[in-house]
Each structure stands twice: as structure tokens, then as C-alpha cells.
Amino acid sequence: DVAFVQAMIPHHQGAIDMARAVLQFGKDDQVKVWANQIITAQRAEIAAMQEWLKQHAK
């Protein structure tokens, strides 16, 4: 479980980075809406996983 969560954090960060690129260079408004939603959701999930790791990765 710990290894999975540790691997998911950079995976989610990669999604955030991709979404930021779309916000900077993308043209389609709907895609930008999705990118913002992804950023919000992935940041929240990263925070939750970091908290989980504090309790379980010992």
C-alpha cells in the first residue's frame, strides 16, 4: 500500500503539470475547464496521500 501511494504522488503531479501546460498553451475552453478540475482534484488527492503516508510509512 505504501509503495502504491508513494508512486501515485508523482503520477498525480505529472497530471497537474500537464494540465498547467494546457492552461498556458491550450485553445479550447472546455479543455481548460477540465484542466482546472484536474488540478484541483489532484492537489487534494496528493494532500490526502501525503497525510496517509505520515501515518502509515514508518
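Every number in this text was worked out from the coordinates using simple rules, so none of it is lab data. This one's a predicted model, so the numbers in the text were calculated from it and none came from an experiment. Here the Cβ positions follow ideal geometry from the backbone for every residue, glycine too, while neighbour counts run over all protein chains shown.
Observations on the structure shown:
- The residues of segment 26-52 that are basic (Lys, Arg) and in a helix (DSSP H, G or I), listed by number, are Lys32, Arg43.
- The residues of segment 10-39 that are free of Cβ contacts under 8 Å to residues at least 24 places away in the same chain, surrounded by 12 or more Cβ atoms within 10 Å (Cβ to Cβ) and β-branched (Val, Ile, Thr), listed by number, are Val22, Val31, Ile38, Ile39.
- Filter result (of a type in the set (Val, Ile, Thr) and closer than 14 Å to Gln6 by Cβ) within segment 31-58: Ile46
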